[in-house]
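Rule-based calculations on the coordinates, nothing more; no lab input. What you are looking at is a predicted structure, and each value in this text was computed from that prediction instead of being measured. So basically every Cβ, Gly included, is an ideal-geometry build from the backbone, and we count neighbours across all protein chains shown.
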Amino acid sequence: MPSDKFDVLVIGAGLAGLRCARVLAAAGRDVQVWEAADEVGGRIRTRAIDGFLCDRGFQVLNPAYPELKRAIDISDLRLQPFGAGVAVRRQSGSAVWVHPLREPARVPSMLAHGGVRPAGVLALLRWSLPALRPRALKSSQRQDRSLREGLDRQGVRGELRRVIDQFLAGVVLDDTGATSNAFALLLARVFLLGVPALPSDGMRSLPRQLAAPLGDRIVLQRSALHVESDADGWQVHSPDGVVHATHVVVATDPAAAAALTDVATPPAHGVVTDWWATDQMPPGPAMLWIDSRTDKPGPVINTAVISAAAPTYAPRGHHLIAATALLAPTATPPPEDATRQHAADILGADGRSWTLLTRDVIPEALPAQLPPLRVRQSVRLAAGLWCCGDHRDTASIQGALVSGRRTGEAILRSPARI
């Protein structure tokens with residue numbers, strides 16, 4: 001087959017595009033992947049800076065995602081888990097709220113001294129009960145509402161509500177409560193079943209493992225400018241010329257996908273993440289920290305001593321801290337000194353000696369997942385033209401992987417004309 005003609009051309013080497021290409025390559029189909037950047041991964045990147053590993057934005061990997069086990073060898077990532085639960089900065093002092101299924105012996109102490117009241121636990125259980133039936137959550141669009149309404153209806157209030165709001169805001173990148181309640185419950189189910197962790201070589205390990213079997217089918221630093229149909233399928237224009245393909249899969253971010261196709265761009269949430277190095281280990285557990293105070297002194301939504309949970313992220317004798325703040329559309333990112341001071345206050349540390357390694361300002365970090373929840377949008381745009389990504393399923397690693405697999409399987413069911 002000439003090098004300018006392919007059975008399938010995948011545009012974008014993020015998780016969805018790589019997963020799609022892997023499905024097709026495993027079935028023996030002729031597939032090539034174009035990636036405009038200089039490495040695979042899309043939004044999932046890791047930079048090595050002075051011996052530290054800094055992911056692009058604060059990211060964690062939950063091994064309980066069902067599709068993860070189908071797509072990759074999780075053991076090969078050598079995961080380093082965070083502590084099971086969250087650490088909470090309170091009005092006075094701090095507390096550890098443990099994962100009830102993994103640390104049941106510590107639950108009585110948490111109820112007695114951690115600011116969690118039995119009535120609040122019952123309200124939270126009422127809210128989370130539908131997570132036991134994930135299929136029903138995915139199919140009950142008419143019953144879905146906003147997360148804010150869902151928690152209000154079940155009477156989740158007070159400090160417990162503030163912690164739940166802050167924790168989920170750090171996952172969905174929205175603190176308004178507008179996210180789909182059904183989607184939040186699906187996320188809660190995953191966090192109940194698994195403990196977030198980081199790969200030994202950074203989050204980049206995930207797309208790199210997906211890409212490895214594809215070899216020279218992946219072409220880096222090649223972008224698509226325009227896609228149009230022709231008699232044999234599709235023409236894809238790039239700065240290097242025109243190629244032909246029976247099937248074209250647009251697996252880019254939503255904005256780039258909209259530029260190449262007529263797919264609508266969903267609203268998105270932004271995030272700012274700062275990464276600091278220090279020689280002084282902050283006190284406290286190796287957990288994600290949340291500020292539950294009613295008068296928070298800064299913009300940080302969560303923070304963590306990354307190297308306490310994942311020692312490979314920092315050189316021996318040094319420590320890595322990350323803090324995340326939300327970024328509303330058209331908003332100005334908070335000053336670095338504001339996030340540093342707030343993160344240090346949450347951790348009970350002195351942040352004056354912290355050295356900024358890098359700052360990630362990502363205006364469109366995650367598609368908004370508004371009610372009613374739609375976990376499956378069509379990946380077929382026209383005969384031979386496809387679109388996949390977390391904006392076509394759910395806004396998560398799980399959604400990106402599922403979308404890529406669905407697209408690959410749909411192409412395999414389509415007639416090949418080359």
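Placing unit charges on the Cβ atoms only, positive for Lys and Arg and negative for Asp and Glu, gives segment 1-130 a dipole magnitude near 780 debye about its Cα centre.
Note on the chain: Cα convex hull, mean projected area over all directions, 20.4 nm². Placing unit charges on each Cβ (+1 for Lys and Arg, -1 for Asp and Glu) gives segment 326-418 a dipole about its Cα centre, and among ALA395, LEU385, GLY351 the Cα reaching farthest toward its positive end belongs to LEU385. In a reduced charge model with +1 at each Lys and Arg Cβ and -1 at each Asp and Glu Cβ, the chain shows a dipole moment near 1680 debye about its Cα centre.
With unit charges on the beta carbon (Lys/Arg positive, Asp/Glu negative), name the residue among PRO66, ALA16, ALA112 whose Cα is farthest towards the positive pole of the charge dipole of segment 1-117. Positive-end residue among those listed: ALA112.
Normalised by 2.2 N^0.38 Å, where N is the number of residues, the C-alpha radius of gyration of segment 84-140 stands at 1.36.
Placing a label point 7 Å from the Cα of THR294 along the Cα-to-Cβ direction, the residues of segment 159-179 with a backbone N closer than 11 Å are 159. For segment 199-275, taking Cα atoms only, Rg and Dmax work out to 16.1, 51 Å respectively.
At q = 0.11 Å⁻¹ the log10 of I(q)/I(0) for segment 117-193 amounts to -0.24, computed by Debye summation with a single uniform scatterer per C-alpha, solvent ignored.
Mean sequence separation of contacting Cα pairs (under 8 Å, at least six apart), scaled by the length of the chain, corresponds to a relative contact order of 26 percent.
Residues ILE44, ILE290, ranked from the fewest to the most other C-beta atoms within 10 Å, line up as ILE44, ILE290.
Suppose R0 equals 51 Å; then what is the FRET efficiency for ASP201 and ALA112 from their Cβ-Cβ distance, rounded to the nearest 0.05? E between ASP201 and ALA112, to the nearest 0.05, is 0.80.
Which values, in whole Å and largest first, are the semi-axes of the equivalent ellipsoid of segment 109-242 obtained as the square root of 5 times each eigenvalue of the Cα gyration tensor?
Square roots of five times the eigenvalues give 43, 21, 14 Å.
Sorted ascending by nearby beta carbons within 10 Å, beginning with the fewest, LEU101, LEU373 become LEU101, LEU373. Placing +1 on each Lys and Arg Cβ and -1 on each Asp and Glu Cβ, with no other charges, gives segment 117-193 a dipole about its Cα centre of roughly 360 debye. Paramagnetic label reach from ARG153 (point 7 Å along Cα→Cβ; backbone nitrogen cut-off under 11 Å): within segment 169-205, residues 181-182. Going from the residue with the fewest nearby Cβ atoms within 10 Å to the one with the most, SER205, SER146, SER292 rank SER146, SER205, SER292. Considering only LEU122, VAL86, THR330, the residue lying farthest towards the positive end of the dipole of the chain is LEU122, judged by Cα position with unit charges set on Cβ.
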